[in-house]
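This report concerns only the one structure given below.
No value in this document is a laboratory result; all are computed from the given coordinates. None of these values were measured; they are calculated from a predicted model. Cβ placement follows ideal geometry from the backbone for every residue including glycine, while neighbour counts extend to all protein chains displayed.
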Amino acid sequence: MSVAENYYQVQNAVNAACMRAGRDPSEVTLIAVSKTKPVEMLKEAYDAGARHFGENRVQELTAKMPELPEDIRWHMIGHLQSNKVKYIIGAVKLIHSVDSLHLAEEIDRQAQKAGIVQDILLEVNVAGEESKFGTGDIEENEALIRAFSGLTHIKLCGLMTVAPYVEDPELNRPVFKKLKELAYGGMRRYFPEDRVILSMGMSGDYTVAVEEGATHVRVGSAIFGER
């Protein structure tokens, strides 16, 4: 199938998952993860209605931006090195992958220089996989969030996680449940908005994530094909 057909199929699956969970489909943002994909494929997704795109690498993101329409909302979803922050401040709608105070401080510094407040998410390693980035236990998460609250040019909007790769998406349901519990449990007071962003779910398990409360799903291969 074409990129456009894939995009429609994924969007329809998101809508169906919302219906099953009794949710309004407008609550869920579908992010087309376009890492390693050529601009032509991104344009196909854009023409099909995609307006949110996610990239893993700063260099790739900044190279693609000038080639695409200005109404695209870009998301930085990959591991971000502090020395690359200056290249994306003000250019991305949301940084999903903030996993340390050091990184948050650099984002805050660069946002202050640019005269903006940058929206961010705290990346949480819910499954505790050694190969994944993200913070660990609840105490560590809360300590980080308290530290973030002293920074005036970032806005913590919610949590993000990368669930394990599994053949059966149902195996990741507890991971998604846990992230929502963290966001709406003891951490709820740290999020200023009525709606906490939960960035969770990818090509293999995004419908389960939506059923468990995801507000943003990051879908790459189901839209653009395998890398």
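How many nm is it between the label spots at Ala114 and Arg51, if each spot is 7 Å from the Cα in line with the beta carbon?
For the pair Ala114/Arg51, the computed spacing is 2.0 nm.
So if we plug the beta-carbon distance of Leu101 and Val39 into 1/(1 + (r/R0)^6) with R0 = 30 Å, what FRET efficiency do we get, rounded to 0.05?
0.25
Strictly over 25 Å apart at the Cα level, which of Lys64/Lys177; Lys43/Lys155; Lys35/Lys180; Lys155/Lys178; Lys37/Lys180 would you flag in this model?
Lys64/Lys177; Lys43/Lys155; Lys35/Lys180; Lys37/Lys180
Residue farthest toward the positive end of the dipole of the chain, with Cβ of Lys/Arg at +1 and Asp/Glu at -1: which of Asn172, Ala16, Ser82?
The Cα lying farthest towards the positive end belongs to Ser82.
Efficiency by 1/(1 + (r/R0)^6): what FRET value for Ser221 and Lys155, r their Cβ-Cβ distance, R0 = 30 Å, to the nearest 0.05?
It comes out at approximately 0.45.
If amide hydrogens are placed 1.01 Å from N in the peptide plane, which non-local residues have theirs closer than 5 Å to the one on Gly220?
Correct list: Val33, Ser203.
Could you please rank Tyr165, Tyr184, placing first whichever residue has the fewest other Cβ atoms within 10 Å of its Cβ?
Tyr165, Tyr184
Packing-wise, with mean Cβ within 10 Å as the measure, how do 212-223, 39-50 rank, highest first?
Result, highest mean first: 212-223, 39-50.
Enter the Cα centre distance for the pair the stretch 55-78 and the stretch 181-227, rounded to the nearest angstrom.
After rounding, the separation between the Cα centres reads 20 Å.
Rounded to whole Å and sorted largest first, list the principal axis extents of the Cα atoms in the chain.
The Cα atoms of the chain stretch 48, 39, 33 Å along their principal axes.
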